[in-house]
2 protein chains.
Amino acid sequence: SRYPSPRPCPRLVQKAELVRLSQTLLHVKGLHWIVVEDAPARTPLVSTLLAQSGLSFTHLHVETPPELQRQESDPTWLRPRGVEQRNRALQWLREHSQPSDPGVVYFADDDNTYSLRLFEEVRAGPSGGRCWGRPLVEGGRVVGFRAGWRPTRPFALDMAGFAVALPLLLATPRARFDPRAERGFLESSLLSALVSLDQLEPKANNCTKVLVRHTRTEKPKMKQEELLGPEPDIEV
Amino acid sequence: SRYPSPRPCPRLVQKAELVRLSQTLLHVKGLHWIVVEDAPARTPLVSTLLAQSGLSFTHLHVETPPELQRQESDPTWLRPRGVEQRNRALQWLREHSQPSDPGVVYFADDDNTYSLRLFEEVRAGPSGGRCWGRPLVEGGRVVGFRAGWRPTRPFALDMAGFAVALPLLLATPRARFDPRAERGFLESSLLSALVSLDQLEPKANNCTKVLVRHTRTEKPKMKQEELLGPEPDIEV
Ligand SMILES: O=c1ccn([C@@H]2O[C@H](COP(=O)(O)OP(=O)(O)O)[C@@H](O)[C@H]2O)c(=O)[nH]1
Ligand SMILES: O=c1ccn([C@@H]2O[C@H](COP(=O)(O)OP(=O)(O)O)[C@@H](O)[C@H]2O)c(=O)[nH]1
Ligand SMILES: [Mn+2]
Ligand SMILES: [Mn+2]
């Protein structure tokens with residue numbers, strides 16, 4: 001392969017995910033995509049993909065420090081992933097925006113499945129924090145969360161279940177994701193600094209529509225490719 | 001859930017896959033999507049999704065007969081999936097086309113990742129069979145295949161690695177997928193009836209670009225949802 005990497009399998013899936021996600025985002029008007037690679041430098045694989053995507057984008061990188069990396073053998077819940085990367089994006093937004101810039105910030109994992117209707121919901125209105133997924137709504141206000149696990153967390157929401165108005169983020173410079181947050185409290189670590197529960201604005205018809213799906217792509221079994229070895233001129 | 005099903009987990013993934021795929025196809029001009037459900041009847045889940053997709057589509061169904069179904073405990077290579085469904089689509093095309101209708105037929109799994117450039121390649125030109133993936137090309141002709149497993153199969157191509165001109169399909173009514181084909185010979189069972197190796201037209205720069213990725217979506221761990229049970233008014 002032209003872009004050697006110590007981890008060929010994750011990289012294959014990563015490219016597929018970015019292709020798929022970029023093609024979804026290509027439908028969304030007025031979108032700017034901030035892609036933060038978890039790597040010591042930006043890779044040509046991602047640079048090329050972004051350059052060909054037709055999207056407005058910013059390409060950044062920050063490597064997760066070794067002590068915060070989750071190992072292959074660790075259970076998936078041991079550490080959240082992509083925390084430093086989300087914080088790097090927040091930093092970039094703060095450096096490159098004026099306090100009054102409009103906009104809404106949404107934290108998109110690369111492997112989730114996003115309905116186009118999600119972006120209409122995120123875009124609409126000038127609010128502070130907003131959420132969907134499955135908060136419990138009464139009288140147009142969020143009063144709690146339906147979650148199988150610790151529903152009493154301050155914000156029992158997945159990363160994909162909320163968006164934040166850019167001016168609110170800019171007005172609260174200390175708000176960031178805490179990489180050492182307890183399991184399930186990563187979202188709360190940002191949101192607690194920004195809003196209280198009753199300030200959340202429920203979207204998606206009072207949080208009754210599923211517009212994001214927490215999908216994960218299977219790791220390919222690489223037996224055949226390992227047998228054959230890489231080909232010099234094919235970008236996989 | 002409003003659409004009860006004996007297999008809730010696969011259905012969740014199926015909807016995510018169809019959302020994602022439909023949004024990719026929405027970029028493709030002149031496309032008609034034939035969706036064949038493996039079910040005793042068309043389901044409201046898929047009907048609704050198609051109706052909201054903005055795509056031109058035909059919604060069919062055919063259930064895989066029990067003796068050809070792969071069981072959860074079977075290894076994935078034991079039986080190919082989606083064979084009767086592809087044959088149902090071929091039948092529909094033959095019933096609803098005139099012999100001279102232009103068009104190109106491509107067999108798209110719902111879980112693969114398709115680059116938009118794929119559809120430009122598939123569309124271009126008025127040819128018979130065409131292929132990409134990784135056939136070996138010499139002097140503009142396919143002379144064999146690079147495959148880790150039985151490269152000497154008549155057509156050592158994945159389902160996602162070729163397309164066929166509609167007139168050719170119409171001119172060869174007996175050509176179909178053989179559900180009892182030996183492992184890895186499903187693609188060959190159709191293509192052998194249609195073309196010889198040297199009639200294949202290599203695409204994607206002599207088959208050096210990867211435009212489809214054979215991704216699979218992880219089965220979600222349903223622990224949390226099982227704990228909570230379904231909600232009456234939320235379509236998942
Ligand atoms: O080593 C890694 C693995 C993942 N991620 C990112 O962190 C986010 C969450 O990771 P993942 O999807 O694996 O977690 P899950 O959704 O399964 O909890 C995704 O956007 C990944 O791209 C990352 O930055 N570094
Ligand atoms: O019970 C099933 C399982 C799968 N499929 C379809 O058959 C194709 C191939 O299935 P799968 O992706 O599971 O196979 P793989 O690509 O992993 O070999 C896909 O389009 C599926 O939608 C089907 O019709 N019935
Ligand atoms: Mn994820
Ligand atoms: Mn598949």
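The values are calculated or read from the model by the stated rules, or taken from the named source; none is laboratory data. Predicted model only: the values in this text are computed from it and were never measured. Neighbour counts are summed over all protein chains in view; Cβ atoms, including those assigned to glycine, are modelled from backbone coordinates with ideal geometry.
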Item to check | Among the residues listed as A:Ala163, A:Ala193, the single one being modelled with pLDDT of 80 or more, in a loop (DSSP other than H, G, I, E, B), touching a Lys or Arg at 6+ places or on another chain (Cβ under 8 Å) and not basic (Lys, Arg) | outcome: A:Ala193
Checklist entry - How many residues are more than 16 Å from ligand 3 (Cβ to nearest atom) and modelled with pLDDT of 85 or more if we restrict to the stretch A:147-160? => result 4
Next on the checklist: Here is a list: B:Glu37, B:Glu63, B:Glu72, B:Glu67. Which entry is buried (at least 18 other Cβ atoms within 10 Å of the Cβ), more than 14 Å from every other protein chain (Cβ to nearest Cβ) and either of a type in the set (Val, Ile, Thr) or away from ligand 1 (no atom under 16 Å from the Cβ) (or both)?
Outcome noted: B:Glu37
Checklist entry - For the stretch A:113-121, does any single residue satisfy the condition of being within 16 Å of ligand 3 (Cβ to nearest atom), β-branched (Val, Ile, Thr) and without any contact (Cβ under 8 Å) to a residue 12 or more places away in the chain? => result no
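Here's the yes/no breakdown for (1) over 27 Å from B:Val122 (Cβ atoms); (2) of a type in the set (Asp, Glu); (3) within 16 Å of ligand 4 (Cβ to nearest atom):
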| position | (1), (2), (3) |
| --- | --- |
| B:Trp33 | no, no, no |
| B:Asp38 | no, yes, yes |
| B:Pro44 | yes, no, no |
| B:Leu50 | no, no, no |
| B:Leu60 | no, no, no |
| B:Ser73 | yes, no, no |
| B:Thr76 | no, no, yes |
| B:Arg86 | no, no, yes |
Item to check | Hits in the stretch B:13-34 - residues which are surrounded by fewer than 20 Cβ atoms within 10 Å (Cβ to Cβ) and among the small types (Gly, Ala, Ser) | outcome: B:Gly30
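A quick yes/no check of all residues on (1) within 14 Å of chain A (Cβ to nearest Cβ); (2) touching a residue at least 40 places away in the same chain (Cβ under 8 Å):
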| residue | (1), (2) |
| --- | --- |
| B:Pro173 | no, yes |
| B:Phe177 | no, yes |
| B:Ser188 | no, no |
| B:Ser196 | no, no |
| B:Gln199 | no, yes |
| B:Thr208 | yes, no |
| B:Lys219 | yes, yes |
Checklist outcome for this item: Per the filter on the stretch B:82-112, residues under 26 Å from A:Arg216 (Cα atoms), away from every other protein chain (no Cβ under 14 Å) and either free of Cβ contacts under 8 Å to residues at least 40 places away in the same chain or in contact with a helix residue (DSSP H, G or I) (Cβ under 7 Å, 6 or more places away or on another chain) (or both) are B:Val83, B:Tyr106, B:Phe107
